[in-house]
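Read through the structure below, which is laid out as structure tokens, and then see the notes.
The values are calculated or read from the model by the stated rules, or taken from the named source; none is laboratory data. Keep in mind the model is a prediction, meaning the values are calculated, not measured. Here the Cβ positions follow ideal geometry from the backbone for every residue, glycine too, while neighbour counts run over all protein chains shown. These area figures cover heavy atoms from the full protein model, side chains too; ligands, DNA and RNA do not enter into them. Shrake-Rupley method; radii C 1.70, N 1.55, O 1.52, S 1.80 Å.
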Amino acid sequence: MESIKINKLEIENVKRIKAVKIEPSRDGLTIVGGNNNQGKTSVLDSIAWALGGEKYRPSQAMREGSAIPPNLRIVMSNGLVVERKGKNSSLKVTDPNGNKSGQQLLNEFVEQLALDLPRFMESSGKEKAQTLLRIIGVGEQLADLEKNEKELFSHRHAIGQIADQKKKFADEQIYYPDAPREVVSPSELIRKQQEILARNGENQRKRDRLNEITAGKHRIFDDLNRIDDQIAELQVRKDKLKLEYDQAVSDEEIAMKTVLQLQDESTAELEANIADIEEINRKVRANLDKDKAEDDARQYKDQYAALTRQIEDTRKAKTDLLQTADLPLPELSVKDGELVYRGQLWDNMSGSDRLKVSTAIVRKLNPKCGFVLLDKLEQMDMQTLNEFGQWLHQEGLQAIATRVSVGDECSIIIEDGYVKGQEILEEDMQEMKKMPSWKVGEF
């Protein structure tokens, strides 16, 4: 579907305009130039009034000093002729077949922002973003995601504060590395002490048996000495006793080894523990409190990390939503509720990019509308104007703009209510009308 543009416009006696005829470029930028107070803005106001309706009617529509009422005539690219003339400047819209219509037909292809683009450009960044989201149809979904993100962020902030407090509290707790892991019971200590005493008693019994073995060995040695003189007679007995002696020595060695391996356990530590049980348990409880505080801090840290992942997922969903949306321009998006183009917020965009974004949004709002009106482009340098003009031509869009200038960049120059050069033709026509007409046979 081809968008509708302005082919011709004729304006008489509107504000500062006396008589102006313009044929804007079909694509690209048409600049209406001139010095101040010559009627440039009156051209744009006239177009807005003719196409936008009574709400765009200037407060003093008729040119000061004129006895003739305003006369507006615009020919659109779809063949419609829009006229406002007469005392009441009533609207008449005629299609190529001669059928009459009114404002309702114009509203189908005339986008309101196209008539008042500065209103959009001067709105806040959030208002621009809301306009964009509305026209691409993702405003409600994005609003839900942003609401969810804010709630998650707020919750995470609260959890983060608690986690920091828990961590600080845990770090401030004293820890006793030499204290047992659990609270000590006095009865348990006494039971352990009794077990040690019983084991020590058994050791004593083994030591007592060692003395018996040693005494027996000495008796056998004495007997051997007594019968040594009777070796021949008592050889058999000697051999027997020798065997008994060797066995006794072996038993002694075994007994000695057992004793050497035995070491009585001290109950001093247990006795001290029993005496200091309250202090020990105080340290144990302190350690348990520190462990509990550190565990609490870890749990809140884990909650914080989980919420961070949810926030990241929500932000990714927002990005995916905008990337898949039918945006007016590549690289145009919304971030944190602000309009972003090529990674730049509105206040960091170049003048040319601002014009591109605004015009593209108008086209997206109503694809049938192929033109925009722009006032006061004198703030734009020549490079910005050229870039914007080239983009318009490339996109097949039309812009009619004003600029305080009489330079070559201007398509026409308005001077004292006329298009410079046209007023001469108008004056010549008036003079021709005053000249007497020639009739056959008269000299």
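Name the residues in the stretch 342-382 that are open to solvent by 10 Å² or more (accessible area, probe 1.4 Å) and of a type in the set (S, T, N, Q), would you?
Q344, N348, S350, N366, Q379
All but one of (1) among the β-branched types (V, I, T); (2) over 17 Å from V138 (Cβ atoms); (3) open to solvent by less than 20 Å² (accessible area, probe 1.4 Å) hold for T308; which doesn't?
(3)
If you take the residues in the stretch 197-213 that are open to solvent by less than 40 Å² (accessible area, probe 1.4 Å) and either at pLDDT 80 or above or within 60 Å of the chain's Cα centre (by Cα) (or both), which one is farthest from A268 (Cα to Cα)?
Per the criteria, the residue is G201.
Here's the yes/no breakdown for (1) modelled with pLDDT of 80 or more; (2) surrounded by fewer than 13 Cβ atoms within 10 Å (Cβ to Cβ); (3) hydrophobic (A, V, I, L, M, F, W, C):
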residue	(1), (2), (3)
I227	no, no, yes
Q247	yes, yes, no
E253	no, yes, no
N281	yes, no, no
V284	yes, no, yes
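Out of I220, I162, which single residue is farther than 30 Å from A306 by Cα and surrounded by 15 or more Cβ atoms within 10 Å (Cβ to Cβ)?
I220
Filter the stretch 114-126 down to the residues that are open to solvent by 20 Å² or more (accessible area, probe 1.4 Å) and of a type in the set (A, V, I, L, M, F, W, C) and list them by number.
M121
Among all residue pairs at least 6 apart or on different chains, which show Cβ distances below 9 Å where the first residue, located in the stretch 330-347, is free of Cβ contacts under 8 Å to residues at least 24 places away in the same chain and the second is part of a loop (DSSP other than H, G, I, E, B) and polar (S, T, N, Q)?
Final answer for the pair search is Q344/S350.
Pairs needed: first member in the stretch 40-64, in contact (Cβ under 8 Å) with a residue 40 or more places away in the chain; second member anywhere, among the acidic types (D, E) and assigned to a helix (DSSP H, G or I); C-beta distance under 6 Å; at least 6 residues apart or different chains.
P58/D45
Which one is modelled with the highest pLDDT among residues in the stretch 171-196 that are part of a helix (DSSP H, G or I) and among the hydrophobic types (A, V, I, L, M, F, W, C)?
The selected residue is I196.
Check off (1) among the polar types (S, T, N, Q); (2) at pLDDT below 90; (3) part of a helix (DSSP H, G or I) for S358 and give me the number that stays unchecked.
Of the numbered conditions (1) among the polar types (S, T, N, Q); (2) at pLDDT below 90; (3) part of a helix (DSSP H, G or I), the odd one out for S358 is (2).
Within the stretch 310-355, count every residue that is in a helix (DSSP H, G or I) and of a type in the set (K, R).
Within the stretch 310-355, residues that are in a helix (DSSP H, G or I) and of a type in the set (K, R) number 4.
Having 1 or more residues that are in contact with a Cys (Cβ under 8 Å, 6 or more places away or on another chain) and open to solvent by less than 40 Å² (accessible area, probe 1.4 Å) is the bar; report the strands (runs of 3 or more DSSP E) wholly within the stretch 1-109 that clear it.
Fully inside the stretch 1-109 and qualifying: 28-34.
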